[in-house]
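The values are calculated or read from the model by the stated rules, or taken from the named source; none is laboratory data. This structure is a prediction, so every number in the text was calculated from the model and none was measured. Note: ideal-geometry Cβ built from the backbone for every residue, glycine included; neighbour counts use all protein chains shown.
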2 protein chains.
Amino acid sequence: MRDTHTVDVGLTAVIMAVSGGVAKVLAVREGAGEHALPSGLFDPAQDRTLNLSLRRWIMELTALEVGYVEQLYTFGNQYRDARELDVGARFLSIGYLGLAREQRIGTGVPAEWHDIYDYLPWEDWRGGRPAVLDAHIMPALAAWAEDALDGAGRALRRGRIAMTFGTADAIDHEKALQRFELMYEAGLLPEAHRDYALVREKSSSVFSFNKNKIEDIYKVSLEVGGLPMKMDHRRILASALERVRGKIKYRPLVFELLPAAFTLLQLQKVVEALSGVALHKQNFRRLIQAERLVEETGEMETTARGRPAALFRFRPQVLSERPAPGVGVPKISTI
Amino acid sequence: MRDTHTVDVGLTAVIMAVSGGVAKVLAVREGAGEHALPSGLFDPAQDRTLNLSLRRWIMELTALEVGYVEQLYTFGNQYRDARELDVGARFLSIGYLGLAREQRIGTGVPAEWHDIYDYLPWEDWRGGRPAVLDAHIMPALAAWAEDALDGAGRALRRGRIAMTFGTADAIDHEKALQRFELMYEAGLLPEAHRDYALVREKSSSVFSFNKNKIEDIYKVSLEVGGLPMKMDHRRILASALERVRGKIKYRPLVFELLPAAFTLLQLQKVVEALSGVALHKQNFRRLIQAERLVEETGEMETTARGRPAALFRFRPQVLSERPAPGVGVPKISTI
DNA sequence: TAATATATGCTCATATAGAGCATAAATAGC
DNA sequence: GCTATTTATGCTCTATATGAGCATATATTA
């Protein structure tokens, strides 16, 4: 009936926009109350490239114009979907990141913008260290580390926790995917329990939490508070966030999310929303202007409170002047 | 006979090693004198994950032990292979990077280590600016830019050249994939002409070189001097080089390529071989030691000339101490 | 008119990166 | 044994980048 080697390929898109200082992702609601990323099958007969395929069905599904598109990662986990356990079929999913300017979604389109941090609450440090970390995540991870088989295993797990969730004085905000993967493995996300239920009998090395404490761990996964997501969509979202956080430092991605003219504070708010950290305003201005990323339009903003701000536009010449123009998020921020 | 959506998935591996200050890649010789990267089909029935599939057939093919493995990118170009133009079949190829310590290859194994820069001669700046750049590449790119349709197109092309191949005083050595793609598009690589010959009639927007000058451009592609490679393997190699150059800055990848004990000069030579730039010895030592990436073993090197060097080992604790431990290649080096 | 909010200019301390000088400890050639 | 050569290693000096905060300007709101 089908070749043993062939697989179906789905494209799953993380379409991001920022409006009013809130980083948003396009999500569709499906059954079971789970939020899903928009996704579609890659049809080799119809589309010349993966990129074109993605743009085609995004347009068909949402009528949204997406500017920047970038491939993230190809996921091929066996336990990705329950159906795969029964049939011999196989499904690969290629994650994509897309950046769009804020656009109203047409009526009748089954998609909505959602705050990214409703899915990844522990990733938003703009208001200081997220409370859920100390209230639920770190204690559960510490317990997970202690549950390792032997001393070496405990040291290894403690090391992984320190590397992804930070040490006493520093954290790497970029490592969103590694934090997701650690939490999934430790059972701190609802989908870990959903997936584990499917493979309970089959030995799965993916889940390393203590099976005797599974009820307690499941309760923690609910306290952590991320909205429920379909299949591995939270993983794909985390990898998109990691990519965008890394890339804004050396490519001028943020301007894909801003109108043609903007104030420096608007620019800063977009960077903060994506990177999840609050920035020092004066230093941010100094950096942006030193890098010559923007130029004044000559106009001033009129609608806001306080002293009116000068409007700027992106200076595309910077692309050919300097090898790695980005917005300079501090690599390592204090806890 | 087959579902319209299904595709075959191949895994293509860039296995790197460094020996004697030379960065090498595992290559197999196939017909037509073209060098090929080792590759195999992904068999969903046999392998639980993409990663395991890759490790399985690498081991079967070469009996090599590969330590670090990382997915690069999934390529789905229509013109990847001549056969795809005739049949409706479709082939996706997922590129992987693997790092191995230098190992002798078993007799009878149809694979050899080759200097990476034999395939990408313009990427090695250790001995100063590569001669082929000014002799062949930059003049041909300049001509390509002038051949654009209008002034805006010329400005755009000049901008792309500056961004990828650098400006008067700086170049980003990391952008190996973008340099490949620009050269491919401009017809400066032999495979561009091989692929273009297949799609001549079908309008292809991938090749933007002046078709009236195709013979001259083809000659340049031979002067550029990269060894011929199968299909899109040079693209995958370029993306592996880009990944490794980027990642050594913030992850301790290099130690995957070194023996357990090494001198600081050996470490430096590995970084230089991968990044393609020469480094200031004293500053490199200062950086490595300040980052506490290594610790002395207490032993000294005995075999070399000159004053004996202290032997060091990787200090894995650094992974849990600091969020982004890497070897600090200068981001931007002067031309 | 005072309080508040935002914009913008400037300084200062510290950390980091780039370049080079100086010295140490081995081998190679004679 | 003496000298040249080679590599290792310690140290300094300077320029630049980063992090933090002070001070002032110009608007709106109460």
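Conditions (1) over 20 Å from the mean Cα position of the chain (by Cα); (2) away from chain B (no Cβ under 14 Å); (3) within 16 Å of DNA strand D (Cβ to nearest atom); (4) modelled with pLDDT of 90 or more, marked per residue:
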position: A:Gly225; (1), (2), (3), (4): no, yes, no, yes
position: A:Ala278; (1), (2), (3), (4): no, yes, yes, yes
position: A:Leu287; (1), (2), (3), (4): yes, yes, yes, yes
position: A:Phe312; (1), (2), (3), (4): yes, yes, no, yes
position: A:Gly326; (1), (2), (3), (4): no, no, yes, no
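Note on the range B:227-276: among residues that are hydroxyl-bearing (Ser, Thr, Tyr) and surrounded by fewer than 23 Cβ atoms within 10 Å (Cβ to Cβ), the one that is modelled with the lowest pLDDT is B:Tyr250.
More than 15 Å from DNA strand C (Cβ to nearest atom) and among the hydrophobic types (A, V, I, L, M, F, W, C): does that describe B:Phe284? Quick ask: steps written out before the conclusion?
Values: more than 15 Å from DNA strand C (Cβ to nearest atom): no; among the hydrophobic types (A, V, I, L, M, F, W, C): yes.
When the stated conditions are applied, B:Phe284 does not pass them.
Check whether at least one residue in the range B:184-202 is on the phi > 0 side of the Ramachandran plot and buried (at least 21 other Cβ atoms within 10 Å of the Cβ), and report yes or no. The answer is yes, given that some residue of the range B:184-202 is on the phi > 0 side of the Ramachandran plot and buried (at least 21 other Cβ atoms within 10 Å of the Cβ). Counting only strands (runs of 3 or more DSSP E) that sit wholly inside the range A:1-58, those with at least 3 residues that are away from every other protein chain (no Cβ under 14 Å) and surrounded by fewer than 22 Cβ atoms within 10 Å (Cβ to Cβ) are A:22-29. For the range B:148-180, the set of residues classified as among the charged types (D, E, K, R), touching a residue at least 40 places away in the same chain (Cβ under 8 Å) and surrounded by fewer than 17 Cβ atoms within 10 Å (Cβ to Cβ) consists of B:Asp169 only. Name the single residue, out of those in the range A:289-298 being surrounded by fewer than 21 Cβ atoms within 10 Å (Cβ to Cβ) and within 13 Å of DNA strand D (Cβ to nearest atom), that is nearest to A:Ile248 (Cα to Cα). In this case the residue turns out to be A:Glu291.
Per-residue answers, yes or no, for (1) under 30 Å from A:Tyr96 (Cα atoms); (2) more than 16 Å from DNA strand C (Cβ to nearest atom); (3) in contact with a strand residue (DSSP E or B) (Cβ under 7 Å, 6 or more places away or on another chain):
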| site | (1), (2), (3) |
| --- | --- |
| A:Gly225 | yes, yes, no |
| A:Ala240 | yes, yes, yes |
| A:Gln266 | yes, no, no |
| A:Gly298 | no, no, no |
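Scanning the range A:152-174 for residues that are within 7 Å of another protein chain (Cβ to nearest Cβ) and of a type in the set (D, E, K, R) yields a total of 2. With respect to the stated conditions, A:Gly128 is at positive phi, surrounded by fewer than 20 Cβ atoms within 10 Å (Cβ to Cβ) and without any contact (Cβ under 8 Å) to a residue 60 or more places away in the chain.
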